[in-house]
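Student: One structure, pasted below without further comment.
The values are calculated or read from the model by the stated rules, or taken from the named source; none is laboratory data. Worth saying up front: this structure is predicted, and the values here are computed from it rather than measured. Every residue, glycine among them, receives a Cβ derived from its backbone with ideal geometry; neighbour counts consider all protein chains shown. Quick note on the areas: whole protein, heavy atoms, side chains included, nothing else; ligands and nucleic acids left out. Shrake-Rupley method; radii C 1.70, N 1.55, O 1.52, S 1.80 Å.
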Amino acid sequence: MFRQDFAWGVASSAYQIEGRDKEDGCGKNIWDTFTEESRVYENQNAYVSCDEIHRYKEDFALMRLLGIRAYRFSLSWARILPEGTGRVNEKAIALYRDMILEMKKNGITPYITLYHWEFPQALQEKGGWLNRDCAEWFAEYAGKIFGAFPTEIPYWGTILEPQIHAYHGYWDGKHAPGMHDFSSALLATHNLLRGHGLAVRAFRASEAEGEI
């Protein structure tokens, strides 16, 4: 049923697991705003979550004991670029670099997803995925990641489930940013796919290794 090279593993998203630290330099994203607006069950948020940014070494050791050999995880755009574009938060790059090193020490192959719906709030205030410029913003972010990790990552993904993000974020409002407009969902889908294309182009223009 499965090919010999089929990769069995686990997956997460940055917002689901990372948590925050007042010194980490992370910017705000649309899910922070969504929770602050009391739009999540029992007003829960992810300011601590699984506390991955402090516990990843022990977590990866546990994953090794469980026999996990492949890990698909996402990077937080707003952690790396607090304003969404421009300035890079070097603490974030150092954190992710050490996380990748720890994965490899534990025999875990890293699979990076660039975007798992953690859109920077600073860019949401400029229209988010409804602003045509967002595809270029995403490509800029992607290019900086490819430059930061040119040899460490064998497998790259761009945008996780763009159809889910557009549907729940812009049509039925169950996900951040919580909109209810079908036309907006279609426009967001279009721009998400444009962002994917520009990110792939940025990958091919970079010196990053691996497959995307």
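Student: Quick check on the chain: of the DSSP beta bridges with both residues there, what percent are antiparallel, nearest 5%?
Tutor: Working: 1 of 13 bridges.
Given both bridge residues lie in the chain, the antiparallel proportion sits at roughly 10 percent.
Student: In whole Hz, what ³J(HN,Hα) sequence does region 137-151 give by Karplus (6.51, -1.76, 1.60; θ = phi - 60°), x for Gly and Pro?
Tutor: 4, 5, 5, 4, 4, 4, x, 5, 5, 4, x, 6, 10, x, 10
Student: Using only DSSP helix segments of four residues or longer, with each worth -39500 (n - 2.57), what per-residue ellipticity at 222 nm results for the chain after dividing by its residue count and rounding to 500?
Tutor: Numbers: 9 runs with 97 residues, N = 212.
One gets -14000 deg cm²/dmol as the mean residue ellipticity at 222 nm.
Student: Inverting the mean 1/r over all pairs of different Cα atoms, compute the Kirkwood radius of region 1-97 and quote it in Å. Mind dumping the intermediate values first?
Tutor: Working: mean 1/r = 0.0663 Å⁻¹.
This gives a value of 15.1 Å.
Student: Still on this model: Could you list the GluC sites (Glu not before Pro) in region 156-212 that lie in coil according to DSSP, counting only those with at most 11 other Cβ atoms within 10 Å of their Cβ?
Tutor: 207
Student: Scan [x] -0.47, -0.66, -1.35; [y] -0.34, -0.52, -1.38; [z] -0.45, -0.65, -1.21 for the value of log10 I(q)/I(0) by the Debye sum over Cα atoms at q = 0.09, 0.11, 0.18 Å⁻¹ calculated from this model and give just the label.
Tutor: Checked against the structure: label [y].
Student: Residue 109's amide H: which non-local residues (gap 5+, or another chain) put their own amide H closer than 5 Å, with H modeled 1.01 Å from N in plane and none for Pro or chain starts?
Tutor: Residues meeting the criterion, in which the H sits 1.01 Å from N, are 70, 71.
Student: Please report the net charge: other residues with Cβ closer than 11 Å to the Cβ of residue 191, K and R +1, D and E -1.
Tutor: Surrounding charge for residue 191 is 0.
Student: Taking only Cα atoms and a 10 Å spring cutoff, compute GNM fluctuations for the chain and point out the largest among 163, 44, 124.
Tutor: The residue that fluctuates most here is 44.
Student: Got a number for carbon plus sulfur as a percent of the chain's accessible area, 1.4 Å probe?
Tutor: 54
Student: Then there's this: Give the long-range amide H neighbours of residue 175: residues separated by 5 or more places, or on another chain, with amide H under 5 Å away, using H modelled in the peptide plane at 1.01 Å from N.
Tutor: So residue 175 has HN proximity to 169.
Student: Same structure, new question: Using Cα pairs closer than 8 Å and at least 6 residues apart in sequence, work out the relative contact order for the chain, in percent.
Tutor: Relative contact order for the chain comes out at 21 percent.
Student: Further question: Taking the solvent-accessible surface of protein heavy atoms with a 1.4 Å probe, what is the per residue accessible area of region 125-177 in Å²?
Tutor: Result: 41 Å² per residue.
Student: For residue 157, enumerate residues with amide H under 5 Å from its amide H, sequence gap 5+ or separate chain, H modeled in the peptide plane.
Tutor: Placed amide hydrogens put 112, 113, 114 under 5 Å from residue 157.
Student: Using only alpha-carbon positions, what ratio does the radius of gyration of region 134-212 give when scaled by 2.2 N^0.38 Å? Don't jump to the answer; show the numbers that get you there.
Tutor: Values: Rg = 14.2 Å, N = 79, 2.2 N^0.38 = 11.6 Å.
Taking the Cα Rg and dividing by 2.2 N^0.38 Å, one obtains 1.22.
Student: With a 1.4 Å probe and every protein chain left in place, work out the accessible area per residue of region 1-94 in Å², rounded to a whole number.
Tutor: Values: 5450 Å² over 94 residues.
Value returned for region 1-94: 58 Å² of accessible area per residue.
Student: For the chain, how many pairs of lysine residues have a Cα-Cα distance under 23 Å, where the two are 8 or more positions apart or belong to different chains?
Tutor: 15
Student: Give a residue-ordered list of calculated ³J(HN,Hα) values for region 43-51 (Karplus: 6.51 cos²θ - 1.76 cosθ + 1.60, θ = phi - 60°; whole Hz; x for Gly, Pro).
Tutor: For region 43-51, the Karplus curve yields 6, 6, 9, 10, 5, 10, 6, 8, 6 Hz.
Student: Residue-wise, which Karplus ³J(HN,Hα) couplings in Hz belong to region 203-212, taking 6.51 cos²θ - 1.76 cosθ + 1.60, θ = phi - 60°, and x for glycine or proline?
Tutor: The phi angles translate into 4, 5, 7, 8, 9, 5, 8, x, 10, 10 Hz.
Student: Near residue 78, within a Cβ-to-Cβ distance under 10 Å, what is the net charge of the other residues, with Lys and Arg +1 and Asp and Glu -1?
Tutor: Overall, the nearby charge balance is -1.
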